[in-house]
Amino acid sequence: MATRPARLTRDDLVVVIPALNEALRIREVVSGALAECPRVIVIDDGSDDGTGECIADLPATVLRHSVRMGKGASLRHGFAVALTMGARAIVTMDGDGQHLARDIPRLLASANRHPDHVVIGARLQRRSQQPLHRRLANGFADWGIAWGTGYGIADSQSGQRLYPAAVAALTDTPGEDFVFEAQILISAAQQLGTRCVSVPIESRYQSVHGDEQFRASHFKPLRDFSRITSHIVAGVFRRGSIPAMFRSIRANPPLIDDGEALLSRETAREALAAIDDATR
């Protein structure tokens, strides 16, 4: 009989934060992460705005790229160093302040309820703050990535995630920039049988009604979604069995963990229906 993995604690985690020109908010992000987890790695991906200098006095590990290498390369670098530190799981956050460090304990709790799952901080709370074009684009991406994983995912584009060490240790995950974040979910599903569970979180965006300032997103919907989509479609056609994959997706709606219990199957199917609507 398989034994249940030992429960994760905050001391088992390493937080990895890729950062490109994040001087506006990187100190706030790193300070918040350190309050939740004693080990934090920042990958300064060739910033020219003093990102690294903003956190030089904080007890975080800063890895500096002399030239920009992209988000995929930054995550690979951060994962490799975190694993040498003995991380049993790795939490990722973006450096722009969009994610809240106080959600890390909720990701950790979900990981203990769902061992060996990738836990995604899904931007399902206060979704009206998310720009409409981003909501539609994210729904389309969820639908597309499901064709690679064989199951539905709620907010597959969120950068706030908890990865089991086994997933972070996958060394042959192709794709650069934002394609890497899509492909690692697909590789984990295909190679390890790993599923995702989504924990509803609040994500912050620039608002005409607020005074918080955020830098413009590095994610370019037209460019990056075309890269992600073409990458996934090519993989689907290489593997074949499209009808079987469609049946698998319909049979496995998004897994959403909101507290001590999973949301109802009806709620999960509503999330899957929203994904379908975004593609019509």
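For the range 143-148, backbone phi angles converted through the Karplus equation (6.51, -1.76, 1.60; θ = phi - 60°) give residue-by-residue couplings of 4, x, 5, 4, 5, x Hz, Gly and Pro being listed as x.
Order these peptides, 104-112, 6-14, 70-78, by their mean beta-carbon neighbour count within 10 angstrom, highest first. Mind dumping the intermediate values first?
On the way: 104-112: 20.1, 6-14: 16.3, 70-78: 21.7.
The densest-packed peptide leads the list: 70-78, 104-112, 6-14.
Taken over the range 14-130, the convex hull of the Cα atoms encloses 110 Å³ per residue.
Put a dot 7 Å past the Cα of Glu53, heading toward its Cβ, do the same for Phe246, and the two dots end up 5.7 nm apart. On a C-alpha basis, how far is the centre of the range 136-184 from the centre of the range 40-84 in Å? Whole number, if you could? If we compute the Cα centre of each part, the gap is 21 Å. Could you give the nm distance between label points at Asp258 and Leu192, where each point is 7 Å from its Cα heading toward the beta carbon? Each label point is offset 7 Å from its Cα along the Cβ direction, giving 2.8 nm. Compared with the alpha-carbon gap, the fully stretched path from Ser66 to Arg7 is longer by 17.4 nm at 0.36 nm per residue.
What full-extension length gain, to one decimal in nm, is calculated for Glu28 and Glu176 as 0.36 nm per residue of separation minus the Cα-Cα distance?
On the way: separation 148, 0.36 × 148 = 53.28 nm, distance 2.71 nm.
Between Glu28 and Glu176, full extension yields 50.6 nm more.
Computed about the Cα centre, the dipole magnitude for the range 11-87 is approximately 260 debye when only Lys and Arg (+1) and Asp and Glu (-1) carry charge, each at its Cβ.
Each reported figure results from applying straightforward, stated rules to the coordinates on display, with no laboratory input. Bear in mind the structure is a predicted one, so any value in this text is a computation, not a measurement. For neighbour counting, all protein chains shown are included, and Cβ atoms are generated from backbone atoms with ideal geometry for every residue, glycine included.
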